1. In Å and from the alpha-carbon atoms only, list the Rg and Dmax of the range 8-259.
2. Which one of Pro244, Met121, Met74 is farthest out on the positive end of the charge dipole of the chain, using unit charges on Cβ (Lys, Arg +1; Asp, Glu -1) and the Cα centre as origin?
3. Rounded to the nearest 10 degrees, what's the angle between the helix 17-28 long axis and the longest principal axis of the chain, both from Cα atoms, 0 to 90?
4. So which of Lys7/Lys199; Lys7/Lys158; Lys122/Lys158; Lys122/Lys224 end up more than 30 Å apart by C-alpha?
5. Can you give the direction-averaged projected area of the convex hull of the alpha-carbon atoms in the range 176-268, in nm²?
6. Can you tell me the FRET efficiency between Phe98 and Leu242 if r is taken as the Cβ-Cβ distance and R0 is 25 Å, rounded to the nearest 0.05?
7. Only four residue types carry charge here, +1 at the Cβ of Lys and Arg and -1 at the Cβ of Asp and Glu. Report the dipole size of the range 22-94 about the Cα centre in Debye, rounded to the nearest 20.
8. Residue separation times 0.36 nm, minus the C-alpha to C-alpha distance between Thr267 and Glu130: what's the value?
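Each value in this text was obtained by applying a stated rule to the coordinates, not by laboratory testing. Computed from a predicted model, the values in this text were never measured in an experiment. All Cβ positions, glycine included, derive from the backbone under ideal geometry; neighbour counts span all protein chains shown.
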Amino acid sequence: MIEVKGKTALVTGGAMGMGLLWARYFARDGANLVLWDINAEGLDQAAEELRGQVDVMTQVVDVSDRKQIYQAAMKVQAETGGVDILVNNAGIVFSKPFLETPDEKLSATIDVDLKALFWTMKAFLPRMIELNAGHIINISSASGFIGVPRMPAYVASKWGVIGLTESVRLEVRAMQKDGVGFTLFCPSFVDTGMFEGAKAPLLTPMLTPEDAVRIAYDGFRDSKYMITAPWMVGLTPALKGLLPAKLFDVISDLFGANTAMDKWQDTRQK
Ligand SMILES: NC(=O)c1ccc[n+]([C@@H]2O[C@H](COP(=O)([O-])OP(=O)(O)OC[C@H]3O[C@@H](n4cnc5c(N)ncnc54)[C@H](O)[C@@H]3O)[C@@H](O)[C@H]2O)c1
């Protein structure tokens, strides 16, 4: 089992939602925390809650900004000695049909949900490789395996997170640095408010944030690489590979996967 006591865990988007729940688990098990978010007020509240248990460093960082990430990372290295566990959790979603989605929304989604992982991994992975110790947890989604109408940029980012993690993991494997671990977490809908109004497809009911992060955290502690929640999400790639595309489309229609985002409401962005 991966030991986290005394380690330093950095959680992006750690001010609220699942990021805050990750932070609570790390604090419970004695890991010191670095929390990044754009929500300064939320960071203050999180720090106030967790500071009695472990050391908590908070930084207002917009993870869509590469320079902010590199600057904040240098400060983290200097003040904490380095990050042992990185959780790339910050995320945004915007839902409209592709051709009606403003260019800025398409770009911002890729910047926050995918490109930020380039910069955080470039900032923190070298030390992990040098020490042959550390763990990177990247949050993808069930939508990292399928197409979903009305959120193509989000889906593209989550497919990207899987491809990126897989490729970097294989590079680290080729270096024979088996002390550096990777975890991909792919949940279906989770009731944090990010997907307000979305309708969970058949067989993948809306998860509570507590259940989702418990499954992910326990899986990470068990060194699992790919964690899906609920577990049947993990069948999707096999089904897609085996079934003809037209049949898969019809099954997705029947399960409600293709209309899940029809009534989504924006509760996060202005
Ligand atoms: N909620 C779901 O149904 C669901 C399902 C699958 C995957 N996910 C993924 O799980 C992760 C967490 O989702 P959540 O539901 O807890 O979302 P949330 O909206 O509750 O929390 C996201 C956090 O990220 C922060 N954030 C947003 N933009 C940022 C930026 N530019 N820089 C720094 N911080 C930023 C927010 O302030 C917030 O604290 C995301 O990557 C999301 O895509 C969520």
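1. Cα only, the range 8-259: 17.9, 55 Å (Rg, Dmax).
2. So the residue furthest toward the plus end is Pro244.
3. 40
4. Values: Lys7/Lys199 39 Å; Lys7/Lys158 28 Å; Lys122/Lys158 19 Å; Lys122/Lys224 22 Å.
Check vs 30 Å cut-off fails for Lys7/Lys199.
5. Details: hull surface 31.3 nm².
Answer in nm², one decimal: 7.8.
6. Working: r = 27 Å, r/R0 = 1.10.
With R0 = 25 Å, the Cβ-Cβ based efficiency is 0.35.
7. Working: 6 positive and 11 negative charges, 41 e Å.
Rounded to the nearest 20 debye, it is 200 debye.
8. On the way: separation 137, 0.36 × 137 = 49.32 nm, distance 4.16 nm.
Contour length minus Cα-Cα distance gives 45.2 nm.
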